[in-house]
Structure formats: C-alpha cells, structure tokens
Amino acid sequence: MKGQYDMIEVKDLYHRYEKKDKYAVSGVSFSIDKGEIFGFLGPSGAGKTTVQNIMIGILGLQKGEVLYEGKSIREMKSDFYNRIGVCFEQSNLYSKLTGFENLRYYAGLFNVPTRDPILLLESVGLKGAAHKRSGTYSKGMKQRLVFVRSLINNPQILFLDEPTGSLDPALAKRIKEMIMGLKKEGMTIFLTTHNMYIADELCDRVAFINEGKIIAVDSPRNLKLKYGDKSVKVEYRAGGKLVSEIFFLERENDLDAFNKIVTGKKVQTIHSQEATLEQIFIKLTGRELA
Amino acid sequence: MKRFINLFKQDTRVIIRSGLHYAVIFVSVMFIILINFVIPESLEVKSNEFFYDGTQGKILEPFLLAGGVETDSIFSNYDDFIGALEENGDSIGIQLEGSAENARFTIFSQNTESIKNINLEEAVLESILENIRGTVGPPNYRVENLREEAPPIPFNKNLIPVFLTYEVVALGFLLIAVMIFQEKAEGSIHAYRVSSSGTAIYILSKVAIFTLIAVLYGVITTVSTAGFNIDYAVLLLLMILASIFMTLLGLLVSIFFKNISEFLFVTFGVLLIMQLPAISYINPTFAPGFIKWIPMYPVLFGLREALFSTGKQNYLFPYLITLIAGIVIIFAACYFAVRKRLMRSGL
C-alpha cells in the first residue's frame with residue numbers, strides 16, 4: 001500500500017494535552033491519495049479536531065509524523081498555508097466586515113493567485129448579501145461564507161469540518177455538489193464529520209475514530225460489506241402513533257423482537273435495508289456518532 | 001509588504017466600524033477644552049496668615065503693609081485675632097510683642113502645617129526683625145544658572161505631557177486588548193493562523209494602526225493646546241516609540257486572558273506602575289532609580305523637554321536608548337507569546 005497514498009501520510013500520531021493523563025490521540029495512522037475525499041468520522045471528543053489541528057500545523061507534533069508528499073509538517077514554512085484551505089465548523093468571521101470584505105482581505109493574506117470573491121459568493125448564493133456585514137448573516141449564510149473563504153487561495157488540499165452542519169437540504173446539496181466539483185478538479189479533501197450520510201455520499205474512503213484511536217479505514221462500500229448486517233425497517237401502529245424500528249435479523253434478540261411486532265402489532269410497512277455507516281460505527285464502538 | 005498593507009487596511013476598517021475613533025475624538029476635544037478654557041495658567045494660592053501686632057508703637061504693622069499684607073489680616077485686638085484663627089482652620093497666626101530691641105514672635109499653629117513650613121515662617125520672621133532693627137547685611141549667597149533661564153511653564157500647559165503620556169500613548173495598551181478580545185470572541189484569529197501571513201505581520205499591523213491613531217491624536221491635541229512653537233520632531237519620535245511600546249505591552253498582557261474583564265484586573269496593576277513617573281514629574285526631587293527604568297519616565301520628561309525646552313543638551317539619547325531597549329525586549333516576548341498562544345491551538 002505504501003506509495004499509493006502520497007498526498008498526505010499520517011503515521012503513528014500521539015497527542016496529549018497539558019495537565020491531562022490520557023492521550024487525546026494515540027497511534028493514529030492513515031494516508032490520503034491525491035484527489036481523494038477522505039472522511040474522518042467520530043463522535044464529539046473522539047480526537048477528530050486534534051488530528052486535524054496537527055495536520056494543519058496549529059498543534060505541534062509530539063509523537064508520530066505527518067507528511068505532505070513525503071515532506072514533514074515540521075519542515076513546512078508559512079508558504080504551506082498557500083497550498084491548503086481550512087473550513088472551520090465555527091463561523092470565525094470578522095463580524096464588522098461585509099461578506100465581500102471578509103473574502104477580499106483574507107485573499108490578501110496569501111501570496112498565490114486567489115479567486116474572485118464575488119464569484120465565490122455567487123457560487124453559494126451570497127452575492128446579494130455581499131455588502132452586508134457578516135455579523136448580520138444567519139448561521140447558514142455564515143457557514144457558506146466560511147466554506148468559500150477556504151477556497152479563496154485555490155488550495156490543493158481542503159480541510160472541511162462539518163461543512164453542511166447548519167444548512168437546509170437544498171443548500172447542503174449545493175455545497176455537496178461543489179465539493180464533488182472540487183474533487184474533479186483534483187483537490188484532495190479531508191472531511192471531518194459526524195454525519196454519516198455526508199460521508200457515505202461524498203467520501204472515497206472513511207476512517208472511524210473513537211477515543212483517540214482509529215477503528216477502521218476503508219471505502220464506505222467495503223465497510224458495509226465487511227461489517228454491515230442486513231437489517232429490516234418496520235413501521236407499525238402502537239398507542240395511536242406510528243412507530244419505526246430497525247432490526248438486525250442475524251441477532252437473536254432483534255429477531256425475537258421483530259417476530260413479536262409482526263405477530264402482535266398492526267404493521268404498516270416492512271423494508272429490508274443495507275446497514276448505514278452509523279450502524280457500523282455503533283457496532284464497532286458501541287457509541288453513536290452524533 | 002503586500003500582506004502587511006492588506007492586514008493593516010483590514011484592521012483599520014475593523015477599528016472604524018467598531019467606533020473606537022469616536023471615543024478618541026471625544027477625549028481629545030474634552031482635553032483641548034480643559035487646557036484652553038477651564039484649567040488656569042497659574043494657581044493663585046491666597047495666603048491665610050493673620051497678624052497681631054502687640055508691640056509698643058505698633059512697629060510691625062508698617063512692614064507688613066509695605067510687604068503687601070492686607071489690612072484685614074492685621075489685628076490690633078488680641079481677642080479678634082484669636083477669633084479669626086478659630087474661624088479659619090487653614091490659617092496660621094503670628095503675634096509680635098515687646099520692642100524692636102527685644103521683639104518676640106509667637107506662631108499660632110493649627111497643627112496641620114508641616115515642620116518645613118513652620119521653619120520657613122521662622123526664617124521670614126527673622127528677616128522681618130532684621131529689617132525692623134536696621135541690621136540687614138548684604139546677602140552671603142548668589143544664584144548661578146547652569147543654562148539660560150527658561151520661562152515658567154503655565155500650570156495648564158504643564159499638564160500636556162501628562163496627558164500625552166497617559167492618554168495618548170497609553171491608548172494602544174487598551175485598544176489593542178479590545179481588538180484581541182474581539183478577535184478571540186469572533187474566532188477570526190483561527191482563520192488568520194491558517195493563512196500564509198505570519199506572526200510578525202499580525203503584530204506589526206496592529207502596532208502600526210494604534211501608533212498611527214496615537215500620533216494623530218497626539219499631534220491634534222498638541223497643536224490645539226501648545227501651538228506650533230515646539231520641537232515636533234522629538235515629540236513625534238517619542239510618541240511613536242512610546243506608542244509602539246505600550247501597544248506591544250497591551251498585546252502581551254491580553255494574550256494571557258480570556259476576556260476583557262479578566263484583563264482589566266491586571267491592567268490596573270500595569271497602569272499603576274506606568275503612572276509612578278508622574279510622581280517624579282509633579283515632584284522632581286523624588287526620582288529613585290527604579291522609577292527612571294519605567295519606560296514612561298523618559299517619555300514624560302522627554303515630552304516635557306520637547307514641549308517646553310529648558311535648554312538641556314543630549315537629553316534625548318538616553319531616553320531613546322531606554323525606550324528602544326524596552327521595545328526590542330517586549331517585541332520578542334510578544335512574538336513568542338502570540339506564536340505559542342494565538343497562532344497555535346491555545347486560545
């Protein structure tokens with residue numbers, strides 16, 4: 001496998017915060033190919049942000065290695081940031097500046113050709129609000145602005161942290177289409193999320209992280225084939241309400257519960273379905289993603 | 001340079017949108033009004049001395065009247081004299097008895113006068129007695145000025161260096177903290193640290209904008225209160241260096257606190273230390289070594305010399321050395337603190 005993933009290599013990463021006994025991240029290793037969308041899935045506090053912060057150089061390396069095309073992050077100078085874009089989950093904008101000014105001044109912090117702020121704003125439906133102060137934007141507008149800000153310097157590698165978290169389905173679809181478009185342009189994308197649907201839809205491969213350790217790394221399809229149990233979704237009436245439940249029929253408890261509902265309740269629909277990434281995550285870790 | 005100018009423009013716009021310049025303009029206008037129209041050029045302290053001439057032939061009274069003492073302050077009745085002293089708690093009474101040959105003064109004190117003042121009073125009375133007796137000899141001392149005598153500084157104008165030091169120059173200390181806490185609250189610093197502009201540009205941009213504000217603020221205030229006939233080159237040089245120092249100090253302190261409330265507690269301590277040279281300014285005989293090492297000392301006295309020259313030669317060089325040394329040390333401290341605490345993960 002070595003040499004296949006040459007854009008980013010994370011090797012045996014450990015990190016412990018000051019005054020903490022336990023490692024926040026331990027033995028994390030994975031690699032990302034050029035032009036790949038790599039999903040990093042885990043619940044809050046699993047170590048996703050710690051790994052990303054080490055990868056983008058704002059947390060120092062304690063133990064392990066992060067390589068970009070074979071070159072250590074330790075050797076990177078400030079020009080490294082000309083090559084990457086980071087979309088934060090928090091809307092860390094200058095609230096006193098307009099959307100346009102946020103992009104224009106941010107573009108001026110790089111010494112590489114940058115994108116046209118107005119075109120970027122237009123791409124996420126913010127052209128009409130370009131000259132309004134970002135402090136007056138809604139949460140979704142701020143998130144879209146932060147997203148396009150991460151593209152201002154034409155990065156080769158894009159780090160996205162929950163890029164669709166506050167967006168309605170239509171806008172989330174637009175962002176997802178843009179991400180797929182960026183992949184087609186050859187951009188390497190590191191997507192941190194706890195949204196299994198986004199990861200399933202966009203990622204070539206995903207890594208599950210829990211309690212600072214990588215649990216599994218593979219494509220969503222391979223993970224489902226390897227770990228996914230077939231399940232059945234049943235909708236039935238109980239106490240005047242419509243109840244929906246999922247049963248893994250290979251499990252004895254679930255099979256008994258399923259039989260009881262089928263024989264004793266007024267069943268409305270029964271659908272067989274493929275396991276989701278979340279179900280696989282729960283199976284591997286015993287924890288939910290959200 | 002392109003990135004510095006870009007960030008400088010951004011910081012300027014953020015400050016203007018935050019309305020900080022209105023506060024600066026307001027304080028400047030207030031000070032100009034105070035200096036030009038409210039605070040007088042001199043403080044006339046009315047002497048509150050009462051005299052009782054109990055001598056045979058009232059030999060004291062002509063001397064007092066010739067010396068400008070008002071008749072209301074000279075009593076011929078002892079009871080009236082004591083009554084006036086009782087009524088005026090801040091007064092001092094002087095009684096003369098006997099004849100010219102064996103005159104005897106009594107000083108009635110309220111117990112609030114310093115020993116120094118009582119001793120001065122005694123010396124003055126001795127001199128009056130010598131005049132009454134006609135035994136005044138030629139003075140056995142002379143005064144020689146080291147340089148051409150400077151005109152006295154009007155009381156209101158003497159406050160200008162204090163204002164420039166503790167309002168104009170110290171402005172950067174507070175305003176940069178406001179800006180840093182705003183950036184911390186907004187999280188915009190997170191975005192900056194993943195751009196290719198580095199720590200030095202971040203610091204220099206903020207220092208440049210607050211120094212520029214301080215210089216504009218200081219020059220407008222100085223022109224409006226002291227006029228044009230002063231050494232503006234020295235004034236500008238000192239204000240620029242002092243503003244850089246204070247802005248860097250404000251940045252250094254604010255890095256270590258989460259919000260402005262926590263910062264203010266420390267600010268009181270820092271500003272208190274910085275204000276110690278003002279004691280030496282008011283009372284020049286009090287100038288212990290440690291006060292001279294506080295960077296506001298050379299600023300305060302340097303600005304006074306620039307505004308009201310006393311003809312001192314080569315005074316500027318040691319002041320500049322102290323300030324530049326302070327700036328170099330604090331810039332290095334700021335660089336490492338910003339890099340470790342703002343540009344890295346911690347906030």
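In the range B:289-301, is there at least one residue being within 17 Å of the chain's Cα centre (by Cα), open to solvent by 60 Å² or more (accessible area, probe 1.4 Å) and under 24 Å from residue B:175 (Cα atoms)?
Within the range B:289-301 (the criterion being within 17 Å of the chain's Cα centre (by Cα), open to solvent by 60 Å² or more (accessible area, probe 1.4 Å) and under 24 Å from residue B:175 (Cα atoms)), the answer is no, since none of the residues qualifies.
Can you tell me which condition residue B:207 does not meet? The list is (1) under 30 Å from residue B:33 (Cβ atoms); (2) away from chain A (no Cβ under 14 Å), and all the others hold.
(1)
Considering each residue of the range A:25-52, count those that are under 17 Å from residue A:287 (Cα atoms) and not hydroxyl-bearing (Ser, Thr, Tyr), and give that number.
Looking only at the range A:25-52, we keep the residues that are under 17 Å from residue A:287 (Cα atoms), and these are A:40-48.
Now restrict to residues that are not hydroxyl-bearing (Ser, Thr, Tyr): A:40-43, A:45-48.
Within the range A:25-52, residues that are under 17 Å from residue A:287 (Cα atoms) and not hydroxyl-bearing (Ser, Thr, Tyr) number 8.
Just to be sure before I move on: is residue B:185 open to solvent by 40 Å² or more (accessible area, probe 1.4 Å) and within 14 Å of chain A (Cβ to nearest Cβ) in the structure I sent?
Yes; evaluated as a whole, the condition is true for this residue.
State which residue is surrounded by the fewest Cβ atoms within 10 Å (Cβ to Cβ) when the search covers only the range B:331-347 and only residues that are of a type in the set (A, V, I, L, M) and at pLDDT 95 or above.
For the range B:331-347, the residue satisfying everything is B:332.
Would you mind finding the one in A:104, A:74, A:115 that is out of contact with any helix residue (DSSP H, G or I) (no Cβ under 9 Å at 6 or more places or on another chain), among the charged types (D, E, K, R) and open to solvent by 10 Å² or more (accessible area, probe 1.4 Å)?
That would be A:74, the only listed residue that is out of contact with any helix residue (DSSP H, G or I) (no Cβ under 9 Å at 6 or more places or on another chain), among the charged types (D, E, K, R) and open to solvent by 10 Å² or more (accessible area, probe 1.4 Å).
Are any of the residues in the range B:313-323 surrounded by 22 or more Cβ atoms within 10 Å (Cβ to Cβ) and under 24 Å from residue B:218 (Cβ atoms)?
yes
Quick check on this structure: which one of B:178, B:194 is in a loop (DSSP other than H, G, I, E, B), within 14 Å of chain A (Cβ to nearest Cβ), open to solvent by less than 60 Å² (accessible area, probe 1.4 Å) and not small (Gly, Ala, Ser)?
Just one listed residue meets the conditions, B:194.
One residue is enough: does the range B:228-243 have a residue meeting the conditions touching a residue at least 40 places away in the same chain (Cβ under 8 Å) and over 24 Å from residue B:317 (Cα atoms)?
no
Among the residues of the range B:1-53, write down those that are outside any helix (DSSP H, G or I), open to solvent by less than 40 Å² (accessible area, probe 1.4 Å) and under 30 Å from residue A:133 (Cα atoms).
If the condition is that a residue be outside any helix (DSSP H, G or I), open to solvent by less than 40 Å² (accessible area, probe 1.4 Å) and under 30 Å from residue A:133 (Cα atoms), then B:19 is the only one that fits.
Select from the range A:47-75 the residues that are part of a loop (DSSP other than H, G, I, E, B), on the phi > 0 side of the Ramachandran plot and free of Cβ contacts under 8 Å to residues at least 60 places away in the same chain and list them in ascending order.
A:57
Can you tell me which of (1) farther than 23 Å from residue A:102 by Cβ; (2) surrounded by fewer than 19 Cβ atoms within 10 Å (Cβ to Cβ) is the one residue B:222 doesn't meet?
(2)
Check B:93, B:89 and return the single one that is more than 15 Å from residue B:55 (Cβ to Cβ) and in a loop (DSSP other than H, G, I, E, B).
B:89
Each row is one residue, and each column tells you yes or no for (1) in contact with a strand residue (DSSP E or B) (Cβ under 7 Å, 6 or more places away or on another chain); (2) part of a helix (DSSP H, G or I); (3) buried (at least 18 other Cβ atoms within 10 Å of the Cβ).
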residue: A:234; (1), (2), (3): yes, no, yes
residue: A:244; (1), (2), (3): yes, no, no
residue: A:284; (1), (2), (3): yes, yes, no
residue: A:287; (1), (2), (3): yes, no, no
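For residue B:104, only one of the following conditions fails: (1) farther than 30 Å from residue A:153 by Cβ; (2) crowded, with 16+ Cβ neighbours inside 10 Å. What is its number?
Going through (1) farther than 30 Å from residue A:153 by Cβ; (2) crowded, with 16+ Cβ neighbours inside 10 Å one by one, residue B:104 breaks only (2).
What helices (runs of 4 or more DSSP H) lie completely within the range A:76-167 and have 1 or more residues being within 13 Å of chain B (Cβ to nearest Cβ) and within 24 Å of the chain's Cα centre (by Cα)?
A:80-83, A:99-107, A:139-149
Quick one: which residue in A:60, A:64, A:135 is open to solvent by 20 Å² or more (accessible area, probe 1.4 Å), of a type outside the set (Phe, Trp, Tyr) and touching an Asp or Glu at 6+ places or on another chain (Cβ under 7 Å)?
Being open to solvent by 20 Å² or more (accessible area, probe 1.4 Å), of a type outside the set (Phe, Trp, Tyr) and touching an Asp or Glu at 6+ places or on another chain (Cβ under 7 Å) holds for just one of A:60, A:64, A:135, which is A:64.
The values are calculated or read from the model by the stated rules, or taken from the named source; none is laboratory data. Everything numeric here is computed off the predicted structure, so don't read it as measured data. FYI the Cβ positions are ideal-geometry reconstructions off the backbone, even for glycines, and counts take in every protein chain you see. Areas reflect the complete protein model, heavy atoms only, side chains present, ligands, DNA and RNA absent. Shrake-Rupley method; radii C 1.70, N 1.55, O 1.52, S 1.80 Å.
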